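The values are calculated or read from the model by the stated rules, or taken from the named source; none is laboratory data. Just so it is clear, the model here is predicted, and its values are computed rather than measured. All Cβ positions, even for glycine, are placed from backbone atoms using ideal geometry, and neighbour counts span all protein chains on display. Keep in mind that these areas ignore ligands, DNA and RNA; they rest on the heavy atoms of the full protein, side chains included. Shrake-Rupley method; radii C 1.70, N 1.55, O 1.52, S 1.80 Å.
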Amino acid sequence: MSADNKTTNETAQNESAAPQDLGRRKFLNTAALTGLAGATLSVGLASCKQETAPAPAAAPAAPAAKEAPKPAAKAEGGAMTAERAPGQLDDYYGFYSGGHSGEVRVYGIPTGRELKRIPVFNPDLLTGWGITNESKAILGTKPNGDLKYRTGDTHHVHGSYTDGTYDGKYAWVNDKIHGRIARIRLDTFECDKITELPNIQGFHGIFPDKRDPVDAAINHTTRVFCGAEFHIPLPNDGRDVNDPTKYAALFSCVDAETMEVRWQVRVSGNMDLCATSYDGKLAACNQYNTENGAHYEDMMSAEKDACIFFNIERIEKAIKEGKFKTYGDSKVPVVDGTIEANKDPKTALTAYVPVPKNPHGVNASPDGKYFICAGKLSPTATVIELAQVLKYFEGEVKETKDCVVAEVEIGLGPLHTAFDGRGNAYTTLFLDSQMVKWNVDAAIKFHKGDKNAKYVVDRLDVTYQPGHTNASMSETKEADGKWLGVGNKFSKDRFLPVGPLHPECEQMIDMTGEKMRLVADHPVWPEPHDFIIMKRDKIKAKQVYNVEDFANAVKDPKDSRVERKGNKVTVYLASQAPAYSLREFKVKKGDEVTVILTNLDKVEDLTHGFAVPKHDINFIVNPGETKSVTFKTDKPGVYWYYCTHFCHALHLEMRGRMIVEK
């Protein structure tokens, strides 16, 4: 780049957005590229060829945007605070994936106060998740009763919809390691079902539908879509392992209620993230590795990858007509959604819209008009108009590339996009370590040739290297443009040092003004990924369980007893602060003991625990709840079972004896 060009662009940036420390940016870009050089990402960035010149180090090609459409934001930054007085509740729930902790975390937004950690794919010592019989049945076990998996990797959390907005019924989250999808009940904030998807690996993208594609009366979520990132031989039974041309990835549809896999689609290339349209007709995944390579250099050789669109009505019609196959032991119908099998738009099940190579993230605008793919290796965001995609499927649009209505430069390393409901998009720039605010309509005008259309509104430095972002109600028709959350992958010097493993840095931004304003930093335990921010009035949480909902409940202390069938012993036990209903029970060495415990307290926030020393047992029961555990007694003696969860002034005295006889 010439010095004159650089000066011109820097001047434009200084006029259009807040000044930035160029030395800082140079350092961040150098450090980020050095860290990624092993994957040749720096080569990929350098080799990107755009129709317009790549954005310079100091600024994008486009100047600043004009005021966003009505309702207009404040002229400058907003004046909101993330602080709440003692006893004052937060305005939103934040549901965050926990990464390879395997859990989902719940924060109050905007304070960032941690409210709960929901164990999902991870055994949990506090709650007994993975220890109780009920949780084992959900997680899945081996023939010997041990958990099938003890690890998980949650990335994307999304809620159920009614009329285009969150209804507070369910949330779903993926497990990238083992290809599982879990459902969380939002009345209890606990996982109630887990399904392992057949014939896939690297399940990453997930999104619920928002209504039925055919039946207008069904205005709520009935399907959850899942994109597989890693392509594998089909079936993956040892054949074709050395021939990557035989590998493929599957897109899966899971029933929102039964959690059974309805159908799958074989595609060309790998899938990353998912989005769904507000009319229920389309789902999409951004794609990389359309080359079908098995090594990273082979995954970046093409100049274009794709955003693949799925025509849900046609797919389900094809399945009803028997136009599918199955793989291996799975009975799930699989239709052919590859490029080769879908050349005719009028019969196609899928459409591959070209986007710059190796994109990351696809997000639906709250007005229902667009999907936006972030470039990652390209400094661009691609805006795809859904009306054009539907016209393509009807044969009214000649080529899928004609569905792209904008592809504009926004900065280096764009990954994920959120929305404010005022026509603006907010995209993370990983390499620039920034958030960029840009106007979608202005970007479309600029792409069409109006070089006076100023689409970049603002830039804000964040710390450091942002990955995911989301805004309050952003992925619904009720996007309110108040709070923008940013998930930064590195915290570096932001918090007190705690050894080599640093916390990550979640930041809250006031987005009510024309300019973004950083309000708060929150250190978080590694490694969260995506999240949603939901108005608190969407959630109707239970405070006490109904004892009648548990078939094995001990409904009255008088029903407490010990039953023996051979060497299998069942102990029926109740808890009421500060005592268990049995002061002791006797078993024999070698018995298989099942303890069924019901918490008969009906007071909010009165949870009991149950631990048995030397037998690796600990779990909790909330008010009105029943849980059970099964274990073997292999050594005679006295073992005091006791309450581990503080419940009463006589909490320490809440215990009893398990006497193991010879």
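Does at least one position in the range 165-176 carry a residue that is touching a residue at least 12 places away in the same chain (Cβ under 8 Å), outside any loop (DSSP other than H, G, I, E, B) and polar (S, T, N, Q)? Within the range 165-176 (the criterion being touching a residue at least 12 places away in the same chain (Cβ under 8 Å), outside any loop (DSSP other than H, G, I, E, B) and polar (S, T, N, Q)), the answer is yes, since at least one residue qualifies.
Among the residues of the range 562-605, what is the count of those that are of a type outside the set (S, T, N, Q) and crowded, with 18+ Cβ neighbours inside 10 Å? Can you show your working first?
Residues of the range 562-605 of a type outside the set (S, T, N, Q): 562-566, 568-569, 571-574, 577-580, 582-593, 595-597, 600-605.
Okay, now just the ones that are also crowded, with 18+ Cβ neighbours inside 10 Å, so 569, 571-574, 577, 580, 582, 585, 587, 591, 593, 595-597, 600-601.
Result for the range 562-605: 17.
Taking (1) of a type in the set (Lys, Arg); (2) under 24 Å from Pro366 (Cα atoms); (3) within 22 Å of the chain's Cα centre (by Cα); (4) open to solvent by less than 50 Å² (accessible area, probe 1.4 Å) in turn, Lys489 satisfies each apart from (2). Determine whether the range 112-134 contains at least one residue that is touching a residue at least 12 places away in the same chain (Cβ under 8 Å), charged (D, E, K, R) and under 22 Å from Ile206 (Cα atoms). Taking every residue of the range 112-134 in turn, at least one turns out to be touching a residue at least 12 places away in the same chain (Cβ under 8 Å), charged (D, E, K, R) and under 22 Å from Ile206 (Cα atoms). When Ala442 is tested against (1) assigned to a loop (DSSP other than H, G, I, E, B); (2) open to solvent by less than 40 Å² (accessible area, probe 1.4 Å); (3) farther than 20 Å from Ala283 by Cα, just one condition goes unmet, and that condition is (1).
Name the residues in the range 158-208 that are among the polar types (S, T, N, Q), open to solvent by 10 Å² or more (accessible area, probe 1.4 Å) and touching a strand residue (DSSP E or B) at 6+ places or on another chain (Cβ under 7 Å), would you?
Looking only at the range 158-208, we keep the residues that are among the polar types (S, T, N, Q), and these are 160, 162, 165, 174, 188, 195, 199, 201.
Going one step further and asking which of them are open to solvent by 10 Å² or more (accessible area, probe 1.4 Å), we end up with 162, 165, 188, 195, 199, 201.
Across the range 158-208, the qualifying residues are Thr162, Thr195, Asn199, Gln201.
Applying the condition of being in a loop (DSSP other than H, G, I, E, B) and open to solvent by less than 40 Å² (accessible area, probe 1.4 Å) to the range 445-463 and asking which residue is farthest from Ile509 (Cα to Cα) yields Ala453.
In this structure, does Thr221 turn out to be of a type in the set (Val, Ile, Thr) and under 17 Å from the mean Cα position of the chain (by Cα)? Answer is yes for this residue.
Summed over the range 214-235, residues that are assigned to a loop (DSSP other than H, G, I, E, B) and either in contact with a strand residue (DSSP E or B) (Cβ under 8 Å, 6 or more places away or on another chain) or aliphatic (A, V, I, L, M) (or both) total 9. Looking across the range 520-543 at every residue that is open to solvent by 50 Å² or more (accessible area, probe 1.4 Å) and out of contact with any Ser or Thr (no Cβ under 9 Å at 6 or more places or on another chain), the one that is nearest to Glu134 (Cα to Cα) is identified as Gln543.
Taking the range 88-101 as the range and being out of contact with any Pro (no Cβ under 9 Å at 6 or more places or on another chain) and open to solvent by 80 Å² or more (accessible area, probe 1.4 Å) as the test, the residues that pass are Gln88, Leu89. Hey, can you tell me all the residues within the range 310-328 that are open to solvent by 70 Å² or more (accessible area, probe 1.4 Å), in contact (Cβ under 8 Å) with a residue 24 or more places away in the chain and either over 21 Å from Asp212 (Cα atoms) or of a type in the set (Phe, Trp, Tyr) (or both)? Passing the criteria: only Phe324. With respect to the conditions (1) open to solvent by 20 Å² or more (accessible area, probe 1.4 Å); (2) under 25 Å from Ile372 (Cβ atoms); (3) not acidic (Asp, Glu), Ile218 lacks only one, and its number is (2).
Looking at the range 512-619, what strands (runs of 3 or more DSSP E) fall wholly within it and have at least 2 residues that are under 23 Å from Asp91 (Cβ atoms)? Filter on the range 512-619 gives 517-524, 531-535.
Can you find a residue in the range 239-249 that is assigned to a strand (DSSP E or B), under 24 Å from Glu316 (Cβ atoms) and either open to solvent by less than 10 Å² (accessible area, probe 1.4 Å) or touching an Asp or Glu at 6+ places or on another chain (Cβ under 7 Å) (or both)? First the steps, then the outcome.
To start, the set of residues in the range 239-249 that are assigned to a strand (DSSP E or B) comprises 247-249.
If we keep only those that are under 24 Å from Glu316 (Cβ atoms) as well, we get 248-249.
Then keep just the ones that are either open to solvent by less than 10 Å² (accessible area, probe 1.4 Å) or touching an Asp or Glu at 6+ places or on another chain (Cβ under 7 Å) (or both); that gives 248-249.
Looking through the range 239-249, at least one residue is assigned to a strand (DSSP E or B), under 24 Å from Glu316 (Cβ atoms) and either open to solvent by less than 10 Å² (accessible area, probe 1.4 Å) or touching an Asp or Glu at 6+ places or on another chain (Cβ under 7 Å) (or both).
Residues in the range 355-369 include none that are under 13 Å from Arg266 (Cα atoms), open to solvent by less than 10 Å² (accessible area, probe 1.4 Å) and either among the polar types (S, T, N, Q) or at pLDDT 95 or above (or both). Residue count for the range 189-198 satisfying the condition of being part of a loop (DSSP other than H, G, I, E, B) and out of contact with any Asp or Glu (no Cβ under 9 Å at 6 or more places or on another chain): 2. Count of the range 510-550 residues, restricted to those that are under 24 Å from Thr154 (Cβ atoms) and among the β-branched types (Val, Ile, Thr), is 4.
What are the residues in the range 411-436 that are within 16 Å of Asn358 (Cα to Cα) and out of contact with any Gly (no Cβ under 8 Å at 6 or more places or on another chain), if any? Answer for the range 411-436, where residues must be within 16 Å of Asn358 (Cα to Cα) and out of contact with any Gly (no Cβ under 8 Å at 6 or more places or on another chain): Gly411, Leu412, Gly413.
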